[in-house]
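What follows is a set of notes on a single structure, which appears directly below.
Each reported figure results from applying straightforward, stated rules to the coordinates on display, with no laboratory input. The model shown is predicted, which means the values in this text are computed figures rather than measured ones. No Cβ is skipped: glycine too gets one built from the backbone with ideal geometry, and neighbour counts run over all protein chains shown.
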């Protein structure tokens, strides 16, 4: 749970920066760069088109590139975009020719966020939490996301009015701060089932290695391999182990033994009388039909 809290803080703080660009884009162009009102509104519309286009890209690359790469690329892109914005606003308080570079930085920020970070705060918390805490964790994730959005919306006009280009420096520092956190603490979950992700955390805990290393060390597993590894790490209690392991034929090979175990697991939910009848029919050479 501590790991989730750390991850969620970074997710919320980094993703909340986008609220400034989306909500205040025309205002930023008017107050920080000095464009006219009509041009600022027009650029705001163009900004949303760019956002939609790059958001579509994230649909196709999230499973190919992986969560970690999108987190890292997006955070670096957002940080550099904010650096470009505040650096271009320093000369003449943003009223000189360099202010055009600040406009470019705002567009690259929205593009970087749309192509990388946009789906991740909604997807990643659900993946890394076990079933027992998933619903509550998602509730905390969503609640904290909107609370921080509210905070950013309220403080951004105050920051721009008082520290001007320092506002963008602050957002650049926030993004830069979380780059090492993402690198060292965010395990990769691409192409993993939820059961495999649980095993990644179990492997990291039991072998005393980082969860990031565990996510790269653990190969992609089949369903039977997941069950075997879960049993090895103690995911099954004693009663369930007895049900799974009861009355396995001793004269069958490994493949047959696995099939027999799977058959017994399928039958474990049935009543004792039905299971006794089926095992009797197996000894007679066939199964009886209802």
Alpha carbon centroid spacing (whole Å) that separates the range 172-205 from the range 91-118: 29
Report the percentage of all Cα-Cα pairs in the range 2-187 whose separation exceeds 19 Å, rounded to a whole percent. 58
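Please give the contour-minus-distance gain from residue 232 to residue 64: 0.36 nm per residue of separation, less the Cα-Cα distance, rounded to one decimal in nm.
Numbers: separation 168, 0.36 × 168 = 60.48 nm, distance 3.01 nm.
The span from residue 232 to residue 64 would gain 57.5 nm if fully extended.
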Apply 1/(1 + (r/R0)^6) to the Cβ-Cβ distance of residue 131 and residue 209, taking R0 = 30 Å, and write down the FRET efficiency to the nearest 0.05. 0.80
Given a Förster distance of 22 angstrom, what is the FRET efficiency for residue 173 paired with residue 76, based on the Cβ-Cβ distance and rounded to 0.05? 0.95
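Take 85, 50, 104, 21 and order them by how many other Cβ atoms sit within 10 Å, fewest up front.
Numbers: 85 29, 50 16, 104 13, 21 23.
With the fewest neighbours first, 85, 50, 104, 21 line up as 104, 50, 21, 85.
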